[in-house]
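Chemist: Got a structure for you, written out below as structure tokens; questions coming shortly.
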Amino acid sequence: MKKVKTTPKSIRSYKNLIPDELYGQILDLTKKLKGSRVIFINSTCKGGGVAEILQSEIPLLNDLGINAVWYNIEAEPEFWDVTKSIHNALQGNGRIVITKNMRKVFERFNALNTHDLKRESWDYLYIHDPQPVALPYFLDGEVDNAIWRCHIHVSRVNRQVWEYIKRYLGDYDSCVFSLKEFVPSDIPIKKRFIIPPAIDPLTPKNIKMDKMKARRVLDKMNIDTRRPIISQVSRFDPWKDPVGVIKAFEVAKQKLPDIQLVMAGSLASDDPEGERIYKELKAFSAKAKDIKILKGLSEEQVNALQTVSNVVVQKSIKEGFGLTVAEAMYKETPVIGGNVGGIKLQIIDGKNGFLVDNYMQCGKRMVDLLEDTQLRLGMGRMGKEVASKYFLLPRLIRDELLLFNKFSYSKENLVKSNILF
Ligand code: UDP
């Protein structure tokens, strides 16, 4: 396994952004945990939402006096092919079959990655997503306080693959999901927590950027800031429905010929599908008008794009949470999101954004928003309110501390969409 380095952060810097009560709760909940060692394990330190969260959460926990360390598992490409298939199957792809050979690869690399862990000790072993799920199984003897955090949208799993993954869940003490509806009824873990993810308001990606500056950043990227911009920022992944975004854009462009679409994506080291999808989109955009496909944007460039865009889209077909939705809302940019999973937790249709079921609806909502400045501004303001209240990092830290304190499942750490308004 590889230890991930993070940049120090201070909880005090967040004090003015959150209610005093929340700040107080964080300090209180930390009292009993000072000096505890929490080992976080996931599959990548760059690209995708989990890496984004841990980059901020680990240094903040350390600032609070908790000894939090972060490891990435290491494996060969064949392992990442298997784990992407497992990911796709758990998100609902029923055609995937996990073969004997796939199981062998999965088990071999999970077993290999326990070597470093055997020399470690911890108060909590916090394992994220299915890739490293079998680590506790391959550790000899009893594993105390292992927590499995599932970030993916698991409301309709592929049964064969789920049955396989379930074998490894018996070694866990607790599990965490982003939404209550994601918790599988047959999960063999008794303690279940609901903790929606959150964005860090103080990173270069999310810190308030002056619109003039943001326009200058986009100008340098050859994006025409004098014309309306629609954007989607996402890993290049079929679940993010990039083709649907382009179709919706084409519907809207028939009515509003001036508009442009920017699709910015990243490639995560644990996601072998990204490069292929990027190339396909790139080839398509070369023939299309006013569609830009970009990759490898800096945090500042993502910030500028989400700040200047007239409309942000997150047209996912399945979505565990969708940090990009909260990121855009926090910048007061109205969001059109797929009517699924974690996006439904963040957007109340018609209030702080729009939820859509298909590309025709999405294209129509693009037009509604682009034609109505007041609607855009109103939804943007409401989006910022919702993101600030429910989806900023200190709330996540509070919920994680509750979890470490072994609070039993309670309404207190459940954020429900119907209590947003
Ligand atoms: N992201 C980025 N650059 C890109 C594409 C995505 O920095 O080109 C970031 C995005 O801003 C967000 C994260 O990657 O912070 C994606 O998290 P999300 O929860 O939306 O989706 P996931 O990739 O975890 O499915």
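Chemist: Of all residues being of a type in the set (S, T, N, Q) and open to solvent by less than 10 Å² (accessible area, probe 1.4 Å) in the range 26-42, which is nearest to the ligand (Cβ to nearest atom)? Just the residue, please.
Modeler: If we take residues in the range 26-42 being of a type in the set (S, T, N, Q) and open to solvent by less than 10 Å² (accessible area, probe 1.4 Å), then Asn42 is nearest to the ligand (Cβ to nearest atom).
Chemist: For Ala252, only one of the following conditions fails: (1) open to solvent by less than 30 Å² (accessible area, probe 1.4 Å); (2) in contact with a Phe, Trp or Tyr (Cβ under 7 Å, 6 or more places away or on another chain); (3) part of a helix (DSSP H, G or I). What is its number?
Modeler: (2)
Chemist: On to the next question. When you look at Ala111, is it modelled with pLDDT of 95 or more, open to solvent by 20 Å² or more (accessible area, probe 1.4 Å) and under 16 Å from Met1 (Cβ atoms), yes or no?
Modeler: Judged against the criteria, Ala111 is a match.
Chemist: Name the single residue that is surrounded by the most Cβ atoms within 10 Å (Cβ to Cβ) among those in the range 283-301 being away from the ligand (no atom under 12 Å from the Cβ) and part of a helix (DSSP H, G or I).
Modeler: Ser285
Chemist: Go through the residues of the range 174-181 one by one and say whether even a single one is of a type outside the set (A, V, I, L, M), buried (at least 16 other Cβ atoms within 10 Å of the Cβ), in a loop (DSSP other than H, G, I, E, B) and in contact (Cβ under 8 Å) with a residue 40 or more places away in the chain.
Modeler: Looking for residues that are of a type outside the set (A, V, I, L, M), buried (at least 16 other Cβ atoms within 10 Å of the Cβ), in a loop (DSSP other than H, G, I, E, B) and in contact (Cβ under 8 Å) with a residue 40 or more places away in the chain, one finds at least one in the range 174-181, hence yes.
Chemist: Can you tell me which residues in the range 139-155 are surrounded by 14 or more Cβ atoms within 10 Å (Cβ to Cβ) and modelled with pLDDT under 95?
Modeler: Those that are surrounded by 14 or more Cβ atoms within 10 Å (Cβ to Cβ) and modelled with pLDDT under 95: Leu139, Val143, Asn145, Ser155.
Chemist: Now, a different point. Filter the range 206-238 down to residues that are within 24 Å of the chain's Cα centre (by Cα) and open to solvent by 40 Å² or more (accessible area, probe 1.4 Å), then give me how many there are.
Modeler: 4
Chemist: Name every residue in the range 302-324 that is within 11 Å of the ligand (Cβ to nearest atom), β-branched (Val, Ile, Thr) and under 16 Å from Arg376 (Cβ atoms), in order of residue number.
Modeler: Listed by number, the list holds a single entry, Val312.
Chemist: Among residues belonging to the range 339-369 that are among the β-branched types (Val, Ile, Thr) and touching a Leu at 6+ places or on another chain (Cβ under 9 Å), point out the one that is surrounded by the most Cβ atoms within 10 Å (Cβ to Cβ).
Modeler: Per the stated criteria, the residue is Ile347.
Chemist: Is there a residue being assigned to a helix (DSSP H, G or I), open to solvent by 10 Å² or more (accessible area, probe 1.4 Å) and among the acidic types (Asp, Glu) anywhere in the range 68-75?
Modeler: Among the residues of the range 68-75, not one is assigned to a helix (DSSP H, G or I), open to solvent by 10 Å² or more (accessible area, probe 1.4 Å) and among the acidic types (Asp, Glu), which makes the answer no.
Chemist: Now for a separate question. Looking at the range 370-377, is at least one residue open to solvent by less than 10 Å² (accessible area, probe 1.4 Å) and of a type outside the set (Asp, Glu)?
Modeler: no
Chemist: Only one of (1) in contact with an Asp or Glu (Cβ under 7 Å, 6 or more places away or on another chain); (2) within 29 Å of Val302 (Cα to Cα) is not met by Leu17, so which one is it?
Modeler: (1)
Chemist: Right, here's the next one. Restricting to the range 209-241, name every residue that is within 16 Å of the ligand (Cβ to nearest atom) and in a loop (DSSP other than H, G, I, E, B).
Modeler: Met209, Met221, Ile223, Ser234, Arg235, Phe236, Asp237, Asp241
Chemist: All but one of (1) away from the ligand (no atom under 13 Å from the Cβ); (2) farther than 30 Å from Leu60 by Cα; (3) not hydroxyl-bearing (Ser, Thr, Tyr) hold for Val262; which doesn't?
Modeler: (1) is the only condition that Val262 fails.
Chemist: Restricting to the range 45-64, what's the tally of residues that are open to solvent by 10 Å² or more (accessible area, probe 1.4 Å) and either among the hydrophobic types (A, V, I, L, M, F, W, C) or closer than 12 Å to Asp129 by Cβ (or both)?
Modeler: Qualifying residue count for the region: 5.
Chemist: If you go through the range 314-337 one residue at a time, do you hit one that is in contact with a Lys or Arg (Cβ under 7 Å, 6 or more places away or on another chain), surrounded by fewer than 19 Cβ atoms within 10 Å (Cβ to Cβ) and closer than 25 Å to Ile152 by Cβ?
Modeler: Checking the range 314-337: not a single residue is in contact with a Lys or Arg (Cβ under 7 Å, 6 or more places away or on another chain), surrounded by fewer than 19 Cβ atoms within 10 Å (Cβ to Cβ) and closer than 25 Å to Ile152 by Cβ.
Chemist: May I pose another question? Could you list all residues from the range 265-277 that are within 11 Å of the ligand (Cβ to nearest atom) and either open to solvent by 30 Å² or more (accessible area, probe 1.4 Å) or more than 22 Å from Trp239 (Cα to Cα) (or both)?
Modeler: Ser266, Leu267
The values are calculated or read from the model by the stated rules, or taken from the named source; none is laboratory data. What you see is a predicted model; the values in this text were computed from it and never measured. As a convention, Cβ positions derive from the backbone with ideal geometry for all residues, glycine included, and neighbour counts pool all protein chains shown. Surface areas here come from the heavy atoms of the whole protein model, side chains and all, with no ligands, DNA or RNA. Shrake-Rupley method; radii C 1.70, N 1.55, O 1.52, S 1.80 Å.
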